[in-house]
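For reference, the structure discussed in these notes is given below.
The values are calculated or read from the model by the stated rules, or taken from the named source; none is laboratory data. Everything numeric here is computed off the predicted structure, so don't read it as measured data. Cβ placement follows ideal geometry from the backbone for every residue including glycine, while neighbour counts extend to all protein chains displayed. Just the protein is used for accessible areas: all its heavy atoms, side chains included, with ligands, DNA and RNA removed. Shrake-Rupley method; radii C 1.70, N 1.55, O 1.52, S 1.80 Å.
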Amino acid sequence: MADQISGDAEFLADARQWFWRGPIEPGIALIAEPGHVFSWLIAGAERSLLLDTGLGIADIREPVAALGADQPLVVNSHAHFDHVGGNARFDEVAMHESAPDWLQSGTDPELLDAYAGAMPELSAAWRALLELDRECAFLAGPEAVPRPWPQAAIAERGWLIEPPAPTRTLRDGDVLDLGDRRLRVIHTPGHAAEHICLLDERAGILWAQDQVYYGPLLIFERGSSIQAFACSTRRLADELAGAVRTVYTAHCLRYSVPPQFLGEVAAAAEAVAAGEAEMAPAPALFGPGVRAADYGHFSILVPA
Ligand SMILES: [Zn+2]
Ligand SMILES: [Zn+2]
């Protein structure tokens, strides 16, 4: 386990340039890899919790330390590579008990190659979006402005994600006590079999990560199930109705959505699961054999 915060040498990008970090409300900070993924640092009186560790492109311990935490308890919403990239930098890592076996042998390099390979197209799309935004809308905050993709460093040194085995496993209903803040684990399979959300009941906050966000909801990968996704999103919408004031997420332009969105996604997912939604081929970016139900501010992508 590395004790020091690493300089650039071990990583593909300088952490000070790669991340955007900042408080969103008291005790809650966003650590953004703009255009890629949002991780969250959640403070309690006794300890902090880091929800997800990003892509592993730069050392996430740098923003974590800058935000005043040293060795937070890491909780992974699920085991996808864009949420476990920095796990090796931390002593204590918890994830749902159904986390997949391949975790310990590392992320499939083909997956990382495919992601890196899509970057030129994605980066161009983001640039065009942000230019338009600056012309007329000014919606994008600093957490949404992507950094240069470290193509040369990846070509030279490769990009590997090898998370160590989690030190702790979680189950539905577990409570993580941070002192004056308690987070309940809600198992929400569908996007991935091991996906969890965290609920701060007292503050009225749900961290939904890949469960819901404004954007394409990916239910076509290994371990995905549209039936499970419809059930778990319906459960969130029903159980949390009136109990949550905001929902924090992991992807696309906006890091939060209103709680009512849970019900919208649940209804859409139920229609897709029942074969009642209008489906069209998904954007080429997601590969062949994927179909999408498009609802404007979000879409649900499933295998054809
Ligand atoms: Zn995911
Ligand atoms: Zn993700």
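May I ask you to work out the translational diffusion coefficient for region 156-232 at 20 °C, viscosity 1.002 mPa s, via Stokes-Einstein with Rh from the Kirkwood sum over Cα pairs, reported in whole µm²/s?
The calculation lands on 149 µm²/s.
Whole number please: convex hull volume per residue of the Cα set in region 218-304, in Å³?
Measuring per residue, one finds 100 Å³ for the Cα hull of region 218-304.
Per residue of the chain, what 222 nm ellipticity follows from adding -39500 (n - 2.57) for every DSSP H run with n ≥ 4, rounded to the nearest 500?
Value at 222 nm, helices only, nearest 500: -7000 deg cm²/dmol.
To the nearest 20 debye, what charge dipole does the chain have about its Cα centre, counting +1 at the Cβ of each Lys and Arg and -1 at the Cβ of each Asp and Glu?
So the dipole magnitude of the chain works out to roughly 440 debye.
Between Asp108 and Met279, what is the label-point separation in nm under the 7 Å Cα-to-beta-carbon projection?
Distance between the two pseudo-spin positions: 2.0 nm.
Please compute the volume of the convex hull spanned by the alpha-carbon atoms of region 250-295 and report it per residue in Å³.
Per residue, the Cα convex hull of region 250-295 comes to 97 Å³.
Report the extension gain between Val145 and Tyr115 in nm, rounded to one decimal, defined as 0.36 nm multiplied by the number of residues separating them, less their alpha carbon distance.
9.0 nm
If you average 1/r over every pair of different alpha-carbon atoms in region 135-290 and take one over that average, what Kirkwood value in Å do you get?
It works out to 17.8 Å.
Asp113: accessible area at probe 1.4 Å, nearest 10 Å²?
It works out to around 110 Å².
If the only charges are +1 at each Lys and Arg Cβ and -1 at each Asp and Glu Cβ, what is the size of the charge dipole of region 219-260 around the Cα centre, to the nearest 20 debye?
My answer is approximately 80 debye.
May I ask you to derive the FRET efficiency for Arg235 and Arg157 from their Cβ-Cβ distance with R0 = 45 Å, giving the value to the nearest 0.05?
0.55
For the chain, state the semi-axes of the equivalent ellipsoid (square roots of 5 times the eigenvalues of the alpha-carbon gyration tensor), sorted largest first and rounded to whole angstrom.
Over the Cα atoms of the chain, the semi-axes work out to 27, 24, 20 Å.
Considering just Cα atoms, how many Å³ per residue does the convex hull of region 137-198 enclose?
Dividing the Cα hull volume of region 137-198 by its residue count gives 223 Å³.
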